[in-house]
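Input: a single structure, listed below in structure tokens.
The values are calculated or read from the model by the stated rules, or taken from the named source; none is laboratory data. The model shown is predicted, which means the values in this text are computed figures rather than measured ones. Counting neighbours? That spans all protein chains shown, and the Cβs are built from the backbone with ideal geometry, glycine included. Surface accessibility is based on the protein's heavy atoms, side chains included, excluding ligands, DNA and RNA. Shrake-Rupley method; radii C 1.70, N 1.55, O 1.52, S 1.80 Å.
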Amino acid sequence: MPDEKLEDTSIELTRENLEEIQKQRERQLAEKQSKEREKEIKKQRKKLRSLFPDVDFKKDDNTLLSNLIDEASFMFVTLKHLKEFINKNGVKEKYVNGNNQYGYKDSVESKTYNAMIKNYIAVIKQLNDELPKNKKINPEDEFDQFNNLS
């Protein structure tokens with residue numbers, strides 16, 4: 001009898017170990033993805049800052065312009081990833097509400113994308129307003145570039 005109990009315990013420990021290993025892998029993957037996104041954000045931030053050569057961002061890092069660039073960079077990368085997800089999985093997802101209620105609804109990613117794209121366009125417009133007249137960006141060009149149309 002005592003041997004059976006030991007065997008059951010060892011099986012439980014093995015399951016716990018497997019679960020812990022899986023959680024560790026998930027954390028490592030999330031960390032890797034986070035680092036990759038941060039690199040993408042920095043690249044976009046650098047690109048947007050280059051449009052303002054007269055601004056010393058090291059000195060004026062907490063300005064409205066700097067904050068707008070940070071937000072635009074974050075949204076650009078996030079929108080890109082949401083777009084990839086939507087292209088792969090579609091804009092609808094199944095739901096089940098018990099009592100045999102089921103159907104399709106807009107996915108969280110598509111709702112997030114739709115809300116964020118509006119905010120992104122507004123931030124880009126604000127940044128465009130800050131540019132010297134000879135460097136203004138045509139909003140349609142930025143939209144086309146984002147959607148890989150140009």
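What the table shows:
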| item | result |
| --- | --- |
| Spin-label model distance (nm) - Asn128 vs Lys88, 7 Å beyond Cα toward Cβ | 3.1 nm |
| For the stretch 24-98, accessible area per residue (1.4 Å probe, heavy atoms of protein chains only), Å² | 76 Å² |
| For the stretch 30-37, 3J(HN,Hα) per residue [Karplus equation, 6.51 cos²θ - 1.76 cosθ + 1.60, θ = phi - 60°, Hz, x = Gly/Pro] | 4, 4, 4, 4, 5, 5, 5, 5 |
| J(HN,Hα) series, the stretch 38-52, from Karplus relation 6.51 cos²θ - 1.76 cosθ + 1.60, nearest Hz, glycine and proline x | 4, 4, 5, 5, 4, 5, 5, 4, 4, 4, 5, 5, 5, 6, 10 |
| Accessible surface of the stretch 42-116, 1.4 Å probe, proportion on carbon and sulfur as whole % | 52 percent |
| Proximal lysines to Lys46, defined as alpha-carbon separation beneath 25 angstrom and excluding residues fewer than eight positions away on the same chain | Lys32, Lys35, Lys58, Lys59, Lys80, Lys83, Lys118, Lys125, Lys133, Lys135, Lys136 |
